[in-house]
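Okay, so here's the structure we're looking at.
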Amino acid sequence: MSTTAARRTNVPDYTTAYYFLEGLSEIGIDYLFCNFGTDHAPIINEMAHRKQRGEVMPTVVRCPHENTAAHMAAGYAFVTGRGQGVLVHVDVGTANTANAMHNLYRSRLPVLLMAGKAPYTVNDELVGSRDTYVHFIQEPFDQASLVRPYLKWEWTLPSGVVVKEALRRAHSIMQSEPRGPVYLMMQRETLTQRWATDEIHRYSEDQFAATGGGGADPKLVAALADKLMTAENPILITGYAGRHDHASKAIDALAQFAGIAVYEANMTNNISHDSPSFVGFSPDKAVPDADVGILVDVDVPWFPSDVKTKEKSFWAHVDIDTLKPGSPMWTFPGNLRMQGDSGRILEQVLEVLQAKATPRFKAAAAERLKRIKALRDERVARAAKLAADKGKPGAINPHYLMAELGKVLDDDAVIFNEGVTNAGAVLLQIPRKRPNTTMRSGGGGLGWSGGVALGAKLAAPERMMVQISGDGGFYFGNPSSVFAVSQQYKLPIFSIVMDNTGWNAVKQSTLRVFPEGEAKAASEFESELAPKVAFTKVGEAFGAYGEEISDPADVPAAIGRCLKEVRGGRSALLHARVTKM
Ligand SMILES: Cc1ncc(C[n+]2csc(CCOP(=O)(O)OP(=O)(O)O)c2C)c(N)n1
Ligand SMILES: [Mg+2]
């Protein structure tokens, strides 16, 4: 008997969906953030089956809105580095994740997005055939196109026999650097096919591991070290190196050894803000004078419309993603570019530099560090001055509010900064000691901070997760879904809404383009939102503690009460009426 024939006589043991759940666990998917539909009947059935049998499968977190589901995966990956699964309903559920997929892709966070597809049989030929109205209208020609700009890989599962192989491949791709989203689609007929256990192979991590970034070509490393040896005004700008502890350490060590001023751009905090080499969040004043600059893991180091580099300046670009293939244009200088693990590469640079360093170099570097520290002290003094003005009733100063918050958060707390035009106040007033404890989205899709904070809380329940958003951003975040998940899964977060009565960013953008335009003359910026909203009630509907403040005098006590509630196990929502736009 041929092998194929032998297979046919085998008793088919389980459905594709059964192996699918097993395969997810095998690739390290511990959580499935789900929003279900008719496409998931075979999966839901096998979930019950596996549970009954006491077999492993990912824990399901049901999210009332897909925006929450996908952003929870983002938060989980931000804290752990590990992509999880998001399971949504055909084209419509996928469409609802598009904003989050943009954010995940731009933040280089891994996620395995999965969705059903409409069944392909209509006459009950196979188990799972079309049996309801929506099956006939939920099949677009190109379902993946809804999120394709934000994907590293996509596939429709052609047969259950390759389900574990497909999952392993999806996993290797999402976890390989630069990390990002992948998308797998599946039809019901495929999920209900039956297979004997010996037909479904396992694809172990040993043989299909994800790839990270490595070190750099020693010649390029030496070239950068040479430039640093003679630099007079070296600066370093980084955006997301701090996601790796070793990269954070390498930046700080190199900067202190070579007297380099370090600046942070979106999206996380990278070295301790107490470091003598850390200057601040805007390199605009430093870029025109820098003779040697290092861009490290950064997407937008400055806005070229505002800042020009010095003529004949030398720029090194060290990045896990030097090419930025997801962007049609990328315009920042790189006399030499080294793609790889930025921590490793900067360790290499430091090693070479240490070997070359002369007493003269060391003295010059120490002198520079003094100047850098003076810049740093200026920042600290400026922040204190800004926070000293508490604002007035109905117009709490965001700097004061954030400074008070900063006083009571510990170093392990994570801040999800969606403050938009008040994001600067968050950065300036809450200095962080540990890297990767402040996140801004690498993308621009508003409505991420609630879901991300929840996912982070799931990954690190012992840490305080603080969501800070504008009033506009709060709406985008589907807050009812966020607080519902918080309540159902006991994931308490601290949410702060800085309500300036509308979309200040939109107003400011109009003023930047047309400083003396009609909009300004008429004071019509199309930016005001409903003025008398009681946001706290949204949280309260789901058992969260709510508090509204408009008097600066109430700030410290209100923050204290909210933190106490969160520590006690339920979310708190602080609605702060801040300086109006
Ligand atoms: C999904 C999405 N829609 C629209 C925008 C455009 N947008 C950018 S900032 C902004 C205003 C946000 O308002 P708010 O959160 O209150 O912050 P503020 O500008 O008032 O500081 C808008 C609408 C966006 N970034 N993302
Ligand atoms: Mg606003």
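The values are calculated or read from the model by the stated rules, or taken from the named source; none is laboratory data. Being a predicted model, the structure only gives us computed values, none of them experimental. Using ideal geometry, Cβ is built from the backbone for each residue, glycine included, and neighbour counts are taken over all protein chains shown. All accessible areas refer to the heavy atoms of the entire protein, side chains included, with ligands and DNA or RNA removed. Shrake-Rupley method; radii C 1.70, N 1.55, O 1.52, S 1.80 Å.
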Among what's in region 520-549 and is within 15 Å of ligand 2 (Cβ to nearest atom) and over 19 Å from Thr421 (Cα atoms), pick the residue that is surrounded by the fewest Cβ atoms within 10 Å (Cβ to Cβ).
Lys532
Lys285 vs. criteria open to solvent by 40 Å² or more (accessible area, probe 1.4 Å) and farther than 29 Å from Ala425 by Cα
no
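Within region 74-106, take every residue that is of a type in the set (Ser, Thr, Tyr) and farther than 21 Å from Ala209 by Cβ and give me the one that is farthest from the chain's Cα centre (by Cα).
Going through the qualifying residues, I end up with Thr94.
This table checks each residue for (1) in a loop (DSSP other than H, G, I, E, B); (2) among the small types (Gly, Ala, Ser).
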| residue | (1), (2) |
| --- | --- |
| Tyr263 | no, no |
| Ser272 | yes, yes |
| Leu323 | yes, no |
| Ile345 | no, no |
| Val349 | no, no |
| Gln354 | no, no |
Only residues that are more than 28 Å from Pro552 (Cα to Cα), among the small types (Gly, Ala, Ser) and open to solvent by less than 10 Å² (accessible area, probe 1.4 Å): list them for region 453-485, please.
Gly455, Ala456, Ala460, Ser481
What number goes with the only condition from (1) more than 12 Å from ligand 2 (Cβ to nearest atom); (2) over 27 Å from the mean Cα position of the chain (by Cα); (3) open to solvent by 40 Å² or more (accessible area, probe 1.4 Å) that Gly517 does not pass?
(3)
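Please go through region 92-107 and pick out each residue that is over 14 Å from Asn67 (Cα atoms) and either in contact with a Cys (Cβ under 8 Å, 6 or more places away or on another chain) or surrounded by fewer than 22 Cβ atoms within 10 Å (Cβ to Cβ) (or both).
Arg106
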Does at least one position in region 459-474 carry a residue that is touching a His at 6+ places or on another chain (Cβ under 8 Å) and either within 16 Å of ligand 1 (Cβ to nearest atom) or on the phi < 0 side of the Ramachandran plot (or both)?
no
Counting only residues that are at pLDDT 95 or above, give me the helices (runs of 4 or more DSSP H) lying completely in region 1-75 with at least 3 of them.
16-26, 41-52
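Only residues that are part of a helix (DSSP H, G or I) and either more than 13 Å from ligand 1 (Cβ to nearest atom) or open to solvent by 30 Å² or more (accessible area, probe 1.4 Å) (or both): list them for region 486-507, please.
Ser486, Gln487, Gln488, Ala505, Val506, Lys507
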Can you find even one residue in region 416-426 that is in a loop (DSSP other than H, G, I, E, B), polar (S, T, N, Q), under 17 Å from the mean Cα position of the chain (by Cα) and under 17 Å from Gln467 (Cβ atoms)?
no
Can you list residue pairs whose Cβ atoms sit under 9 Å apart, with the first residue in region 215-242 being assigned to a strand (DSSP E or B) and the second being modelled with pLDDT under 95 and open to solvent by 10 Å² or more (accessible area, probe 1.4 Å)? Count only pairs 6 or more apart in sequence or on different chains.
Ile237/Ala265; Thr238/Ala265
